[in-house]
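What follows is one structure encoded as structure tokens, with my remarks underneath.
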């Protein structure tokens, strides 16, 4: 799934002109989709620093490609619906942001897989 940034919002959901994470008009590969009763829907994309996977409000984007990667699975917990690669389950993101080499390698492999499936 690919999306294009159409607006920028701050942490309070208010429009802003610039962001260190996203650029209006730029396309992003969606790595995960979160639907949360309280926080709304969010996409995990790789930010403009080309290194940091972030969660951004889905309302900041429009769809470019609606192809769902085959590696995605659905997780449903109270108040949360998550569409993501099976590899990203459990403590994956903790390990990733802690700099775990295995998690970083796995991330790179999954991103390549998703890129190939959404071309």
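Scanning the stretch 7-40 for residues that are touching a helix residue (DSSP H, G or I) at 6+ places or on another chain (Cβ under 7 Å) and either touching a residue at least 40 places away in the same chain (Cβ under 8 Å) or farther than 23 Å from residue 115 by Cα (or both) yields a count of 6. Those residues that are without any contact (Cβ under 8 Å) to a residue 24 or more places away in the chain and surrounded by fewer than 14 Cβ atoms within 10 Å (Cβ to Cβ), I need them from the stretch 76-93; list them, please. Listed by number, the residues that qualify are 76, 77, 78, 86, 89, 90, 91. Scanning the stretch 67-95 for residues that are over 14 Å from the mean Cα position of the chain (by Cα) and under 16 Å from residue 118 (Cβ atoms) returns 67, 70, 71.
Within the stretch 65-74, if we keep just the residues that are touching a helix residue (DSSP H, G or I) at 6+ places or on another chain (Cβ under 9 Å) and in a strand (DSSP E or B), the residue that is surrounded by the fewest Cβ atoms within 10 Å (Cβ to Cβ) turns out to be 73. When we screen 2, 26 for residues that are under 20 Å from residue 88 (Cα atoms) and at pLDDT 90 or above, the only hit is 2. From the set of residues in the stretch 97-107 that are in a helix (DSSP H, G or I) and more than 14 Å from the chain's Cα centre (by Cα), which is surrounded by the most Cβ atoms within 10 Å (Cβ to Cβ)? Among them, the one singled out is 103. The listed residues are 43, 61, and the only one of them that is touching a helix residue (DSSP H, G or I) at 6+ places or on another chain (Cβ under 6 Å), crowded, with 17+ Cβ neighbours inside 10 Å and in contact (Cβ under 8 Å) with a residue 12 or more places away in the chain turns out to be 43.
The values are calculated or read from the model by the stated rules, or taken from the named source; none is laboratory data. As the structure is a prediction and not an experimental result, all values here were calculated from the model. Because the Cβ atoms are built from the backbone with ideal geometry, glycine has one as well, and the counts that use them run over all protein chains shown.
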